[in-house]
Amino acid sequence: MLKYYIFLDDERNPWDVTWCDIRRDYHYNIVRSYAEFTGMIETLGYLPDYISFDHDLADQHYGHGLNNDEIPYDRYSEKTGYDAAKWLVNFCIDRDLKFPDYDVHSMNPVGRTNIIEYVSNAKAKAGI
């Protein structure tokens, strides 16, 4: 099976990320939204080998979490990278699949932590 890699970010490309150590030697499938992310996985029918997550995927997300303030997820009409990670956790649990390798390249410190902690907890509890 051909390997594939996903870079989830509404604006940036993998080569723009210089503030953290993501895998740069991959040919990524760049997706710009939650809908593109979930649609790609559902259409292909199998998990990517690696994902690099951004948190803020729409203008309404910008500014929240940057000063370690709480992120108002319940007020967003657009889904975040955190929502994409949660969806993927459930996808893996429902199909008894191992969660793929991933990094979080988001510059939003609270959003980044939320994704990492959610996935880590799910991997420990559900064994994905």
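The values are calculated or read from the model by the stated rules, or taken from the named source; none is laboratory data. All figures in this text were calculated on a predicted structure; none of them were measured in a lab. Here the Cβ positions follow ideal geometry from the backbone for every residue, glycine too, while neighbour counts run over all protein chains shown. Quick note on the areas: whole protein, heavy atoms, side chains included, nothing else; ligands and nucleic acids left out. Shrake-Rupley method; radii C 1.70, N 1.55, O 1.52, S 1.80 Å.
What percent antiparallel are the DSSP beta bridges of the chain, to the nearest 5? For the chain, the DSSP antiparallel bridge percentage is about 0.
Spin-label model, N29/D69: points 7 Å from Cα along the beta carbon direction are separated by 3.7 nm. What shape does segment 19-91 take by its C-alpha gyration tensor, where a ≥ b ≥ c are the square roots of the eigenvalues and a/c under 1.5 counts as rounded, a/b above b/c as prolate, and the rest as oblate? Oblate. Between V104 and F53, the built amide H atoms are under 5 Å apart, and every one of these is 5 or more places off in sequence or on another chain. Between K123 and E42, residue separation times 0.36 nm minus the direct Cα-Cα distance comes to 27.1 nm.
The dipole here belongs to the chain: it is taken about the Cα centre, uses +1 on the Cβ of Lys and Arg and -1 on the Cβ of Asp and Glu, and is about 440 debye.
What does the net charge come to around D74 if you take all other residues with beta carbon closer than 15 Å to its beta carbon, with K and R at +1 and D and E at -1?
On the way: positive: R75, K79, K86; negative: D69, E70, E78, D83.
Net charge in that neighbourhood comes out at -1.
Rolling a 1.4 Å probe over the protein heavy atoms of the chain, with every protein chain left in place, gives an accessible area that is 46 percent carbon and sulfur.
Suppose we look only past 23 Å in the calculated P(r) of segment 1-126. What percent of the Cα-Cα pairs does that tail hold? Mind dumping the intermediate values first?
Working: 2081 of 7875 pairs.
Within segment 1-126, distances greater than 23 Å cover 26 percent of Cα pairs.
Residues in segment 1-78 average 59 Å² of solvent-accessible surface per residue, probe 1.4 Å, ligands and nucleic acids excluded.
Considering Cα pairs under 8 angstrom that are at least six residues apart, work out the relative contact order of the chain and quote it in whole percent. Before the final figure, lay out the partial values.
Working: 189 pairs, mean separation 35.5, N = 128.
The normalised contact order for the chain reaches 28 percent.
Residues whose amide H comes within less than 5 Å of that of N29, counting only those at least five positions distant or on another chain, are Y5, I6, F7 (H built at 1.01 Å from N in the peptide plane).
Whole-Hz Karplus values for segment 3-10 come out as 7, 9, 10, 10, 10, 9, 6, 6 Hz, taken residue by residue from phi with 6.51 cos²θ - 1.76 cosθ + 1.60 and θ = phi - 60°; glycine and proline positions read x.
Here the spin labels are modelled as points 7 Å beyond Cα on the Cα-Cβ line, and at T18 and D96 they lie 4.8 nm apart. In whole angstrom, how far apart do the alpha carbon centroids of segment 71-128 and segment 31-66 sit? A separation of 10 Å, based on Cα centres.
Total lysine pairs in the chain at Cα distances under 19 Å, for residues eight or more apart or on different chains: 6. The residue among L8, N90, Y62 whose Cα reaches farthest toward the positive pole of the charge dipole of the chain, with charges on the beta-carbon of Lys, Arg, Asp and Glu, is N90. Per-residue ellipticity at 222 nm from helix content only, as computed over the chain with -39500 (n - 2.57) for each DSSP H run of at least four residues, stands at -11000 deg cm²/dmol. Coupling constants for segment 14-30 follow from the phi torsions by the Karplus curve (6.51 cos²θ - 1.76 cosθ + 1.60, θ = phi - 60°), and in residue order they are x, 6, 7, 7, 10, 8, 8, 9, 9, 6, 9, 8, 9, 8, 7, 8, 8 Hz; glycine and proline get x.
Counting charges near V110 (Lys, Arg +1; Asp, Glu -1) among other residues having Cβ under 14 Å from its Cβ returns a value of -4.
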